[in-house]
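Below: one structure, written as structure tokens.
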Amino acid sequence: MIRFYEEEKIFMLQTKDTTYAFENLKGYLRSLYFGKRIDKLIDLPKMPFYISDNLSRFALDVYKYKNEFVGSGSAFYSDETLKVTFADGVRDLELLYLKHTINDNELVVTLKDKFYSVEVDVIYKVYYDVNIIDRSCVVRNTGTEPFTIENVASASVQIPYADEYYVTYMGSAWQNEFEIQKSKITKAAVVAESKAGYSVATNAPYFAVDDGTATESYGNVWFGALQWSGNWRISAVKNDMRETSITAGINSFDFTYVLNGGESFEAPILSCGFTDKGHGQASRNLHDYQRLTTKATYWKDKPIPILYNSWTAFEFDINEEQLCKLAERAADLGVELFVVDDGWFKGRVDDKAGLGDWVVDENKFPHGLNYLINKVNDLGLMFGIWIEPEMVNPDSDLYRAHPDWIINFPTRETFISRNQYVLNLAREDVYQYIENAMDNLLDKHNIGYLKFDMNRLITQAGWPEEENQQKLWYDYVKNFYRLLDHINEKHPKLLIENCAHGGGRADLAMTKWCARVNRSDNQDPVDMIHLHEGFTYLNLPRSAGGAGHISKRAIYKKESPMSFKAHAGMLGSLGISLDLNNVTEEEFNEVKSYVAFFKKIRNTVQMGDIYRLKSLRDSQYALYEYVSKDKKEAVLFMFGPSIPYRYCFPHIKLQGLNPDYTYEYDGGRRKTGYGLETVGMDTGVHIVGNLDSKVIVFKAVEE
Ligand code: DGJ
């Protein structure tokens, strides 16, 4: 997996299909190659053509370009990986090779400044089977004098030379998350970032680079996702030698971190990879990586339960009697998990009070929460609940007792959003309070699912009691992860849904603890079909959740048939939020049939591989295909928001099947996997008119 060629001073990292190589050139780590797998050292590219072998004349260029880790200073003007200011005011860093260790799938190359007591571990972890390499770094102060980190990225990734590259990223908005964007990479950097304290709905920490020709199933794609839920920055830029590099990590916006002697700083992981099979394969590699590295191991091989959630139908207007009745109806539908969303705690009649106290509202729940939970459990359903632990309403006992616990600058008015402030989770007392509140809720109730919400940006990022208060951005996130680890260790069977007013914190780090994600609060089915495309670039398709795919809430008065909503919901983890006591018997039975149908196809959808065959971005219809890992079953979703009259469908070609298997579909039609991939599916199955959808199941059969 990892080899060091002593004589040539070359490090070569192999995954199943890719090679990543760099050399130690006079102490500098210079990238040689990242791409399709090569096995022989002689096949590695040598010096770029523009650099003569005469190192003395061009020495600066050789050292300066294509660095794996760029210390700020000297003549390094490309995006730096690390910038520090030393106690004497010097801000020049020259990091040179000190040593390296190889341990199974991990390589650590330690760099050291020529003069100052700073060491950096440049870390590579190879995930061979899933073709992903994790990069990160640890900065150490090995001296006694403190120094200040002003900027630290996780890694600089060098893309092999080519004339032209484009970067794909998500440039979106609340309710319109995961919108796929593509920009040409020029000498003016393309920067995607968050400065809002969390990874943010307007962007997701993800990138993919290609030469402009890559499609879902074709072309070279270099891609990566940052495992960080706070401020982040990913830049793509070409240097004056027209070489392209990506630098990804914590955003230097308003950031400094003082490292005292003996202390170290750990940067987040950047998981990156290469494929020559287009964006679809890039996604599938990231999905397999998530399956491999999840901390929510209990849910790893289990389907996500179909849920009923109170939010879309009732918002804050919930009570014990109404929920008990709803639970009975939900059980009758075949739902497996009953979720009480926002509104269960004291003071919460709207969004103005109660956040932070987490005391059950006894007017709404006169017998306490356990009464409802027992009822739900007796019906054979799991019970789930909503919480937003990082927040506090000014109208709460917590805020009255500890106004200093919020993130604030004493001389500035703290911006209030949705009537709430953000608690300073970086503080140990705040952390302990929140951990205790979570323990209180989870230890005393049989809760199987937690909707972990977060509904506002961090502003006025002050921590008045702390001397080095800019560390807040980092320590907040570290304590947030500590909290998730704590919950996960204590309650390993708990299913956690990652929610930040929709997909606002849906980054790769969160996938470790959260098997379900609120992809978006926008649950209009046509919008969902758009959202799912960008969402699955990064996230496991099965994690695509939310409160109610089948609900009666029509966004902007866009109405759609129940079947269309249900099919869109089935692309991930189906959720229902209807007032089940106010639907017709016909509607109830219709929803019941979707629940039953989803259970039949769920294994393939949730455990299989996704192929995004057609996108609404460039077509009249969308096609999503899922193939089980053993390739014995495939499920094809067809969506036509508006198919023109007499539209002639081509033979739809499937992907990812076993060419030697014979598949049966559509009530008896048969074709081999080879036939379905090369000739395509017979077009007996159509979608027509407005808001039509079909789900076709392909099963491998004996001939
Ligand atoms: C925002 C979430 O995205 C919604 O689904 C819902 O849980 C509300 N918060 C509740 O306040």
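The values are calculated or read from the model by the stated rules, or taken from the named source; none is laboratory data. The structure displayed is predicted, hence computed values, not measured ones. Note that each Cβ is placed from the backbone with ideal geometry, even for glycine, and that neighbours are counted across all protein chains shown.
Quick rundown of the values:
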quantity: Residue count, the range 100-133 (criterion: on the phi > 0 side of the Ramachandran plot, of a type in the set (D, E, K, R) and touching a strand residue (DSSP E or B) at 6+ places or on another chain (Cβ under 6 Å)); calculated: 0
quantity: Filtered residues of the range 102-118 (kept if surrounded by fewer than 19 Cβ atoms within 10 Å (Cβ to Cβ) and not in a loop (DSSP other than H, G, I, E, B)); calculated: Ile102, Asn103, Glu106, Val108, Thr110
quantity: Yes/no for Val138 being modelled with pLDDT of 95 or more, within 19 Å of Phe22 (Cβ to Cβ) and either part of a loop (DSSP other than H, G, I, E, B) or of a type in the set (Val, Ile, Thr) (or both); calculated: yes
quantity: Qualifying positions in the range 391-414 - of a type in the set (A, V, I, L, M, F, W, C), touching a strand residue (DSSP E or B) at 6+ places or on another chain (Cβ under 9 Å) and not in a strand (DSSP E or B); calculated: Leu398, Trp405, Ile407
quantity: Flag for Ile416 being surrounded by 17 or more Cβ atoms within 10 Å (Cβ to Cβ), out of contact with any Phe, Trp or Tyr (no Cβ under 9 Å at 6 or more places or on another chain) and among the hydrophobic types (A, V, I, L, M, F, W, C); calculated: no
quantity: Residues (more than 16 Å from the ligand (Cβ to nearest atom), surrounded by 19 or more Cβ atoms within 10 Å (Cβ to Cβ) and within 17 Å of Leu423 (Cβ to Cβ)) located in the range 484-503; calculated: Leu484, Ile487
quantity: Any pair with Cβ under 6 angstrom, 6 or more apart, that starts in the range 543-554 at a residue that is under 18 Å from Trp174 (Cβ atoms) and modelled with pLDDT under 95 and ends at one that is of a type in the set (Phe, Trp, Tyr) and not in a loop (DSSP other than H, G, I, E, B); calculated: Ala547/Trp311
quantity: Boolean, Leu398 is within 16 Å of the ligand (Cβ to nearest atom), closer than 26 Å to Arg482 by Cα, in contact with a Gly (Cβ under 9 Å, 6 or more places away or on another chain) and not small (Gly, Ala, Ser); calculated: no
quantity: Failed criterion for Ile434 (all others in (1) β-branched (Val, Ile, Thr); (2) within 16 Å of the ligand (Cβ to nearest atom); (3) free of Cβ contacts under 8 Å to residues at least 60 places away in the same chain hold); calculated: (2)
quantity: Failed item in (1) touching a residue at least 60 places away in the same chain (Cβ under 8 Å); (2) under 24 Å from His549 (Cα atoms); (3) not in a strand (DSSP E or B), with Glu590 passing the rest; calculated: (1)
quantity: The listed residue being over 28 Å from Leu574 (Cα atoms) and either outside any loop (DSSP other than H, G, I, E, B) or modelled with pLDDT under 95 (or both), out of Pro650, Pro641; calculated: Pro650
quantity: Filter result for Ser235 (in a loop (DSSP other than H, G, I, E, B), in contact (Cβ under 8 Å) with a residue 40 or more places away in the chain, closer than 30 Å to Asn522 by Cβ and under 19 Å from the mean Cα position of the chain (by Cα)); calculated: no
quantity: Which listed residue, of Thr275, Thr256, Thr202, Thr215, is closer than 26 Å to Leu484 by Cα and modelled with pLDDT of 95 or more; calculated: Thr256
quantity: Odd one out for Asp378 among (1) in contact (Cβ under 8 Å) with a residue 24 or more places away in the chain; (2) away from the ligand (no atom under 16 Å from the Cβ); calculated: (1)
quantity: Qualifying position, being within 28 Å of Asn370 (Cα to Cα) and either more than 16 Å from the ligand (Cβ to nearest atom) or assigned to a helix (DSSP H, G or I) (or both), among Asn440, Asn455; calculated: Asn440
quantity: Filter result (at pLDDT below 95 and either within 17 Å of Glu702 (Cα to Cα) or not polar (S, T, N, Q) (or both)) within the range 671-685; calculated: Met681, Asp682, Gly684, Val685
quantity: Conditions (1) part of a helix (DSSP H, G or I); (2) surrounded by 21 or more Cβ atoms within 10 Å (Cβ to Cβ); (3) within 16 Å of the ligand (Cβ to nearest atom); (4) not aromatic (Phe, Trp, Tyr): number failed by Cys514; calculated: (1)
quantity: First in the range 559-585 and under 17 Å from Ala327 (Cα atoms) and at pLDDT 95 or above, second anywhere and of a type in the set (A, V, I, L, M) and assigned to a strand (DSSP E or B), Cβ under 8 Å, 6 or more apart; calculated: Leu574/Leu307; Leu574/Ile550; Gly575/Leu307; Gly575/Ile550; Ile576/Leu307; Ile576/Ile550; Ser577/Ile550; Leu578/Ile550
quantity: Among the residues listed as Lys99, Lys125, the single one being surrounded by fewer than 16 Cβ atoms within 10 Å (Cβ to Cβ) and of a type outside the set (Val, Ile, Thr); calculated: Lys99
quantity: Residue, nearest to Tyr431 (Cα to Cα), within the range 363-397, restricted to residues that are surrounded by fewer than 17 Cβ atoms within 10 Å (Cβ to Cβ) and of a type in the set (D, E, K, R); calculated: Asp397
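Yes/no matrix, rows are residues, columns are (1) surrounded by fewer than 21 Cβ atoms within 10 Å (Cβ to Cβ); (2) over 20 Å from His567 (Cβ atoms):
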| residue | (1), (2) |
| --- | --- |
| Tyr624 | no, no |
| Tyr647 | yes, no |
| His651 | yes, yes |
| Asn658 | yes, yes |
| Gly668 | yes, yes |
| Gly689 | yes, no |
| Glu702 | yes, yes |
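Yes/no per residue for (1) in contact with a strand residue (DSSP E or B) (Cβ under 6 Å, 6 or more places away or on another chain); (2) within 20 Å of Tyr537 (Cα to Cα); (3) among the hydrophobic types (A, V, I, L, M, F, W, C):
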residue: Arg140; (1), (2), (3): yes, no, no
residue: Glu150; (1), (2), (3): yes, no, no
residue: Tyr165; (1), (2), (3): yes, yes, no
residue: Ile180; (1), (2), (3): no, yes, yes
residue: Val200; (1), (2), (3): yes, yes, yes
residue: Ala208; (1), (2), (3): yes, yes, yes
residue: Thr213; (1), (2), (3): yes, yes, no
residue: Asp240; (1), (2), (3): no, no, no
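For (1) buried (at least 21 other Cβ atoms within 10 Å of the Cβ); (2) among the polar types (S, T, N, Q); (3) closer than 27 Å to Val90 by Cα, each residue gets a yes or a no:
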position	(1), (2), (3)
Arg135	yes, no, no
Thr144	no, yes, yes
Tyr169	yes, no, no
Asn176	no, yes, no
Ile180	no, no, no
